[in-house]
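The values are calculated or read from the model by the stated rules, or taken from the named source; none is laboratory data. The structure displayed is predicted, hence computed values, not measured ones. Cβ placement follows ideal geometry from the backbone for every residue including glycine, while neighbour counts extend to all protein chains displayed.
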Amino acid sequence: MPHFLNDPAWYYMFKHYLFNGIWIHEDLYPSFTQPVLYYCPLGYSLLHYISGVIAWIFQCSFVDVLKHLQFIIYLFSGRLLWIIAKPYATISQRNLLCLMYLWYLPFFNYAHLAMSETWFIACMLSSIYLFQLGIINLKTKWIVWGFILVGYTFLVRPVAGVMLPILLLLLLIHPHFSKKKKHVFIASLCFIVFPIIQSGFNKVVYNTWTLREGFSWNLWNRVVNEDGYNPNLSKATAELKVTLKNPNFVAKGEHWWDITSQLSNLGMQPKEIQAYCMRICFDGIKANPGTYFETSFKRGLFILPIEIQESMCIYSSPNEYAEFLKNYTSRHHQPLLDELNKQEIGHSTLSKFGIKLYSYWNSFFLKLNNQSLYIALYFSLLILGFIEIRSYLKYRKLDPIILLIILLPIAMSLAACSLEVLHNRYYLPGIVLELLAIVIVSNRLVRIKSSQ
């Protein structure tokens with residue numbers, strides 16, 4: 001669980017604040033006086049709240065509850081894949097799909113990290129399944145539930161927002177739902193149900209209607225840190241010098257946490273810093289829009305989808321793991337560290353045997369975990385797209401779920417590369433859909449061959 005500790009600490013702090021009324025800021029930001037909603041508190045942190053309640057009721061380890069809950073969700077996603085593939089594949093092909101999903105080690109690893117990937121994948125697949133039910137049964141009620149769940153998935157990771165226009169377009173070109181445009185538009189408005197609930201929750205708990213904060217921080221990492229725009233060229237920095245009464249002020253052109261730390265040490269609050277960062281980002285994009293969009297498309301279409309996914313580290317001994325936790329010092333991280341330290345850390349014979357098996361699994365996975373694998377996975381989407389085009393030209397029919405499986409990974413990749421620096425885990429949900437595409441392609445190719 002501690003492989004990533006920075007993001008997990010932010011997620012956990014929502015739970016810590018809700019249960020204890022205490023928010024501990026990172027040491028980098030001495031001027032901050034109120035919680036920072038860098039993530040949506042009802043997104044992935046919802047699992048932390050549930051785990052906290054279960055741990056309190058049964059007087060057990062919060063971390064053990066969260067890990068078991070996420071492991072169940074991880075298996076549930078495998079089941080969802082099997083169900084979604086039902087109209088497109090045989091039982092043996094669906095079984096193969098589940099085996100590929102279970103073999104792919106990063107899915108298992110993220111199920112044991114306090115990170116949003118496992119929960120996001122389950123929500124994404126559940127949304128697809130609800131739309132599939134609506135389209136197969138021609139029932140608007142399932143479409144409504146689908147849009148509601150997409151709205152919640154947006155809280156888990158904002159990149160899910162790309163599902164809204166894609167699904168709306170696919171429904172409007174569907175022979176049945178195109179005749180019910182009014183119903184479809186009303187159904188799509190249900191996307192805002194959970195964002196409204198989140199906004200109300202934030203008002204009650206954090207005294208702000210703001211859905212989440214930090215969008216400009218992520219964009220700063222892309223425009224300033226990644227693309228190299230100099231924030232000192234912006235009019236916003238000139239105005240800030242006047243506000244700070246410091247004509248010698250020079251903004252740090254590094255990561256968002258560097259500029260945020262710099263401005264926090266000068267007494268600025270999160271919303272002021274975020275407003276400044278947003279102006280810088282817009283100025284950076286306006287200064288060279290062609291390069292910005294060209295880079296976004298290049299990364300989103302050709303780089304991120306074939307990035308090699310890392311295999312998370314596992315400590316070779318319980319003592320090494322415990323030592324890592326002991327040496328990780330941060331007031332912001334301490335509440336989560338306290339929970340991690342409550343675990344029974346792998347001293348039993350069974351635990352040691354499990355670690356040994358895991359190391360074999362990891363070694364086997366690493367032998368196949370190369371760029372050729374990810375090129376092949378990405379290529380499966382392209383082949384599926386070609387087959388769907390061929391089907392349309394021949395039968396004048398399109399399958400909305402197939403199109404969603406093709407378009408969604410690409411749209412999420414483009415969105416992630418436009419708003420954030422590259423990180424391979426941003427494409428992890430796309431790999432789930434690529435595995436699904438492989439099975440559908442294999443079935444379609446067999447059917448095409450048998451019909452010839």
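I'd like the residue in the range 227-244 that is among the polar types (S, T, N, Q), surrounded by fewer than 18 Cβ atoms within 10 Å (Cβ to Cβ) and assigned to a helix (DSSP H, G or I) and, out of all such residues, is farthest from the chain's Cα centre (by Cα).
Out of the qualifying residues, it is THR243.
Could you grab me the full set of residues in the range 259-291 that are within 20 Å of TYR29 (Cα to Cα) and either in contact with a Gly (Cβ under 6 Å, 6 or more places away or on another chain) or surrounded by fewer than 17 Cβ atoms within 10 Å (Cβ to Cβ) (or both)?
ASN265, LEU266, GLY267, GLN269, LYS271, GLU272, ALA275, MET278
Only one of (1) more than 30 Å from ILE308 (Cα to Cα); (2) in contact (Cβ under 8 Å) with a residue 12 or more places away in the chain is not met by SER77, so which one is it?
The single condition SER77 does not satisfy is (1).
Return yes when LEU155 is out of contact with any helix residue (DSSP H, G or I) (no Cβ under 6 Å at 6 or more places or on another chain) and buried (at least 20 other Cβ atoms within 10 Å of the Cβ) and no when it is not.
On the way: out of contact with any helix residue (DSSP H, G or I) (no Cβ under 6 Å at 6 or more places or on another chain): no; buried (at least 20 other Cβ atoms within 10 Å of the Cβ): yes.
Spelling it out, it is not the case that LEU155 is out of contact with any helix residue (DSSP H, G or I) (no Cβ under 6 Å at 6 or more places or on another chain) and buried (at least 20 other Cβ atoms within 10 Å of the Cβ).
Just name the residue that is surrounded by the most Cβ atoms within 10 Å (Cβ to Cβ) out of those in the range 93-102 that are within 21 Å of GLN132 (Cα to Cα) and without any contact (Cβ under 8 Å) to a residue 40 or more places away in the chain.
Here the answer is CYS98.
What's the total number of residues in the range 292-308 that are buried (at least 19 other Cβ atoms within 10 Å of the Cβ) and either aliphatic (A, V, I, L, M) or not in a helix (DSSP H, G or I) (or both)?
Count: 1.
Of the residues PHE131, PHE147, PHE154, which single one is on the phi < 0 side of the Ramachandran plot and under 13 Å from the mean Cα position of the chain (by Cα)?
PHE154
Rundown of residues vs (1) among the basic types (Lys, Arg); (2) at pLDDT below 90; (3) surrounded by fewer than 18 Cβ atoms within 10 Å (Cβ to Cβ); (4) touching a Pro at 6+ places or on another chain (Cβ under 8 Å), yes/no style:
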site	(1), (2), (3), (4)
GLN343	no, yes, yes, no
HIS347	no, yes, yes, yes
GLY354	no, yes, yes, no
LEU357	no, yes, yes, no
SER372	no, no, yes, no
TYR392	no, yes, yes, no
LYS397	yes, yes, yes, no
SER413	no, no, no, yes
CYS417	no, no, no, no
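Mind telling me which of the residues TYR427, TYR378 ends up being within 24 Å of the chain's Cα centre (by Cα), more than 25 Å from LEU130 (Cβ to Cβ) and buried (at least 21 other Cβ atoms within 10 Å of the Cβ)? Before you say what the answer is, go through the steps one by one.
Details: TYR427 fails: more than 25 Å from LEU130 (Cβ to Cβ).
Being within 24 Å of the chain's Cα centre (by Cα), more than 25 Å from LEU130 (Cβ to Cβ) and buried (at least 21 other Cβ atoms within 10 Å of the Cβ) holds for just one of TYR427, TYR378, which is TYR378.
Which residue, of LYS86, LYS15, LYS67, is of a type in the set (Lys, Arg), in contact with a His (Cβ under 9 Å, 6 or more places away or on another chain) and farther than 30 Å from ASP258 by Cβ? Can you show your working first?
Details: LYS86 fails: in contact with a His (Cβ under 9 Å, 6 or more places away or on another chain); LYS15 fails: farther than 30 Å from ASP258 by Cβ.
The conditions single out LYS67.
Would you say HIS174 is touching a residue at least 60 places away in the same chain (Cβ under 8 Å) and surrounded by fewer than 20 Cβ atoms within 10 Å (Cβ to Cβ)?
When the stated conditions are applied, HIS174 passes them.
If I ask for residues that are part of a helix (DSSP H, G or I), farther than 30 Å from HIS423 by Cα and of a type in the set (A, V, I, L, M), which ones from the range 84-106 would you list?
Of everything in the range 84-106, just one residue is part of a helix (DSSP H, G or I), farther than 30 Å from HIS423 by Cα and of a type in the set (A, V, I, L, M), namely ILE91.
From the list ILE196, ILE192, pick out the single residue that is aliphatic (A, V, I, L, M), under 26 Å from PRO409 (Cα atoms) and surrounded by fewer than 17 Cβ atoms within 10 Å (Cβ to Cβ).
ILE192
I'm trying to understand the selection: among the residues of the range 309-335, which are closer than 26 Å to TYR49 by Cα, among the hydrophobic types (A, V, I, L, M, F, W, C) and not in a helix (DSSP H, G or I)?
Within the range 309-335, just MET312 meets the criteria.
Inspect the range 28-44 for any residue being at pLDDT 95 or above, part of a helix (DSSP H, G or I) and either farther than 20 Å from LEU340 by Cβ or not small (Gly, Ala, Ser) (or both) and give the result as yes or no.
No, every residue in the range 28-44 fails to be at pLDDT 95 or above, part of a helix (DSSP H, G or I) and either farther than 20 Å from LEU340 by Cβ or not small (Gly, Ala, Ser) (or both).
Condition (residue is of a type in the set (D, E, K, R) and under 30 Å from PRO106 (Cα atoms)) applied to the range 18-34: is it met by at least one residue? Walk me through it before giving the result.
Going residue by residue through the range 18-34, those that are of a type in the set (D, E, K, R) are 26-27.
The next check asks that each one be under 30 Å from PRO106 (Cα atoms); those that pass are 26.
Yes, the range 18-34 contains at least one residue that is of a type in the set (D, E, K, R) and under 30 Å from PRO106 (Cα atoms).
Just a yes or no: is a residue in the range 1-13 more than 18 Å from the chain's Cα centre (by Cα) and surrounded by fewer than 17 Cβ atoms within 10 Å (Cβ to Cβ)?
No: zero hits.
Test ILE285 against the stated conditions and say whether it is touching a Lys or Arg at 6+ places or on another chain (Cβ under 6 Å), among the hydrophobic types (A, V, I, L, M, F, W, C) and assigned to a helix (DSSP H, G or I).
When the stated conditions are applied, ILE285 does not pass them.
Which one of these is free of Cβ contacts under 8 Å to residues at least 40 places away in the same chain, surrounded by fewer than 14 Cβ atoms within 10 Å (Cβ to Cβ) and in contact with a helix residue (DSSP H, G or I) (Cβ under 6 Å, 6 or more places away or on another chain): PRO165, PRO247?
Every option except PRO247 fails the conditions.
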